[in-house]
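The block underneath contains the structure these notes are about, expressed in structure tokens.
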Amino acid sequence: MWVAQGPRRIVCLTEETTEFLYALGEEERIVGISAYTLRPPEAKRTRPVVSAFVGGSVERILALKPDLVIGFSDVQADWARTLIHAGLQVLIFNQRSLQEIFEALLVVGRIVAAEERSRVLLGTYAAHLESIARRRAGAAWRPKVYFEEWDEPMATCVQWVSELIEIAGGHALFADRSRCPAFKDRHVSPEEVAVAAPDVILASWCGKPFDEHALRDRLSATIPALARGHVHEVDAAIILQPGPAALTDGVSTIAALLDQASLERPSPS
């Protein structure tokens with residue numbers, strides 16, 4: 001008689017799965033993590049790093065004898081294929097919206113036989129989002145926000161970031177493009193940003209530090225966000241990972257920055 005108890009040895013190719021398993025109290029199942037894992041900090045101190053985002057050491061992963069490898073994004077498709085050819089069980093999520101993030105995390109909880117605990121934890125994330133949305137719902141002004149995820153070529157943010165901007169009280173520019181799953185379909189031009197005239201510019205260049213001087217060099221100085229100094233980097237670790245960080249610290253950071261912009265808004269003439 002076989003009784004399913006969930007995988008006992010999991011390799012996490014991205015941070016959000018690691019963070020969620022720790023939050024569930026299921027961290028003992030994790031035997032390997034990504035080099036980009038920053039949350040929780042103890043993960044990198046106690047678990048071997050076996051992958052980057054689009055590659056890693058097949059030999060090191062095989063040596064850990066995992067019964068499941070979990071990753072995220074179509075960008076990891078080739079890496080996942082390599083691991084599958086090596087004989088490993090691989091699960092790749094491709095969540096893009098907030099709803100898909102919640103659903104993906106629930107699946108992770110089910111996999112490790114912790115569905116009820118997952119639902120409780122996800123409920124706290126949902127309550128946090130709802131509290132921020134309620135607080136900002138009656139705001140007299142919703143600043144227009146351009147979120148830049150990459151600089152060359154310029155690209156706006158993925159869908160869940162756009163949705164978090166709206167929850168935090170902003171008007172997310174280029175939201176229609178954010179809903180496009182392919183990165184190439186999220187490209188924008190300096191001219192389009194100038195016409196959109198964002199009140200706030202947020203940036204998180206996945207994989208490299210944000211350079212405000214470079215951004216200012218390619219955008220019109222007349223853009224309100226540039227003229228008023230409302231340009232801010234948001235740490236990629238709390239906004240570009242489709243998991244607990246974005247649903248908690250990420251949205252709270254955006255809300256605080258938009259609150260600041262609202263306080264410094266010029267009086268209507």
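The values are calculated or read from the model by the stated rules, or taken from the named source; none is laboratory data. Please read all numbers here as calculations on a predicted model, not as lab measurements. Cβ sites come from the backbone with ideal geometry, for glycine too, and all protein chains shown count toward neighbours. In case anyone asks, the SASA skips ligands and DNA or RNA and just uses the protein heavy atoms, side chains included. Shrake-Rupley method; radii C 1.70, N 1.55, O 1.52, S 1.80 Å.
Brief remarks follow.
- Checking [x] 36, 21, 14; [y] 33, 19, 16; [z] 26, 23, 17 against the coordinates, the calculated semi-axes √(5λ) of the Cα gyration tensor in Å falls under label [x].
- Prolate/oblate/rounded call for segment 160-210, Cα gyration tensor, a/c under 1.5 rounded: rounded
- Beta bridges per DSSP with both ends in the chain, % antiparallel, nearest 5: 20
- Cα centre as origin, Lys/Arg/Asp/Glu Cβ charges: the chain dipole, Debye: 440
- Computed from backbone phi with θ = phi - 60° and the Karplus coefficients 6.51, -1.76 and 1.60, the 3J(HN,Hα) list for segment 256-265 is 5, 5, 6, 4, 4, 5, 5, 5, 9, 5 Hz; x is used for glycine and proline.
- Nonlocal amide H pairs with PHE174, under 5 Å, H built at 1.01 Å: none
- As a fraction of the 1.4 Å probe accessible area of segment 112-269, surface on carbon and sulfur atoms comes out at 55 percent.
- Fraction of beta bridges assigned by DSSP in segment 144-269 that are antiparallel (%, nearest 5): 30
- Span from the segment 13-69 Cα centroid across to the segment 176-235 one, whole angstrom: 32
- Surface accessible to a 1.4 Å probe, per residue, for the residues of the chain, Å²: 46
- Probe 1.4 Å - accessible area at LEU21, Å² to nearest ten: 0
- For PHE93, the residues whose amide H sits under 5 Å from its own are GLY71, PHE72, SER73, ignoring neighbours fewer than 5 places away on the same chain, with H placed 1.01 Å from N.
- Computed over segment 131-269, Kirkwood Rh from alpha-carbon pairs, angstrom: 14.9
- Cα lying deepest toward the dipole's positive end in segment 202-245, options ILE239, PRO224, CYS206, charges on Cβ: PRO224
- Over segment 129-254, Cα pairs under 8 Å with separation of 6+ residues give a relative contact order of 27 percent.
- Look at the dipole of the chain built from charges on Cβ: of LEU215, GLN5, GLY109, the Cα furthest out on the positive end belongs to GLN5.
- Theoretical ellipticity at 222 nm over the chain - DSSP helices of four or more residues, -39500 (n - 2.57) apiece, nearest 500: -12500 deg cm²/dmol
- Candidate residues CYS180, CYS206: accessible-area rank, largest first, probe 1.4 Å: CYS206, CYS180
- Taking a point 7 Å out from the Cα of ALA196 in the direction of its Cβ, none of the residues of segment 71-89 has a backbone N less than 12 Å from it.
- Each residue of segment 104-116 was assigned a 3J(HN,Hα) from its phi angle through the Karplus expression (A = 6.51, B = -1.76, C = 1.60, θ = phi - 60°), giving 5, 5, 5, 4, 4, x, 5, 4, 9, 6, 10, 4, 5 Hz with x at Gly and Pro.
- Neighbour net charge for LEU64 - beta-carbon separation under 13 angstrom, K R +1, D E -1: +4
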